[in-house]
Structure formats: structure tokens, C-alpha cells
1. Treat each spin label as a single point 7 Å out from the Cα along the C-beta direction, and report the Thr48 to Ser36 distance in nm.
2. HN-Hα J couplings of the range 37-49 from phi, Karplus 6.51/-1.76/1.60, θ = phi - 60°, integer Hz, Gly and Pro as x?
Amino acid sequence: MSEEEEGRDGLVSLLAGIAVGALVGAAATLLLAPQSGEDTRRRIKTVTDDRVATLRQSIEELRGRVEDVWTAVRKQGAAAGGEETGGGEAG
């Protein structure tokens, strides 16, 4: 497995862990609160919808940042590779 694939797998695992943790925490909080079943279900749905929307937004922002970093790294690698090739031919 390449470093790029490992990095992506790690990022996916991190995001999945955050999502699961947020949902479990929200559900536990709501289930332990003293209120009727109908109120609890309504609150779980509201909180879950809010968390999912926030998570989607965070993923999109993170995706944009990762793409920016990846583009910068590729450009630096290409520039460094060109310098190394040029230096080897001259020397």
C-alpha cells in the first residue's frame, strides 16, 4: 500500500471515528435525559440531522484543504525533481 493510500485510509478512519463518536455521544445524552419517548425521538432526530450536516460541511472543508496541500506537495515535488534532474545532467 502506498503512502498516499495509507494517508487516505487514515483520514477516512479519523472522520468515521469522529462521526461515530459524535452520534453515540448525542444519542447517549438524549436517551439518559428524563423526558417522554416521543420527545426523545424528536430530539435524537434533530441532533442527528444537525450533526450530520456539520460533519458533511467539515468533510467538504477538509477535502478542500487536503486537495490544496496535495497540489502544493505535487508542485514542490515536481520542482525538486526538475532541479535534481537538471543538476545531475550538468555535473
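A short reminder: the numbers here are calculations on the coordinates, not readings from a lab. Quantities reported herein were computed from a predicted structural model and do not represent experimental measurements. Cβ atoms come from the backbone with ideal geometry, glycine included; neighbour counts cover every protein chain shown.
1. 2.0
2. x, 5, 4, 4, 4, 5, 5, 4, 4, 4, 5, 4, 4
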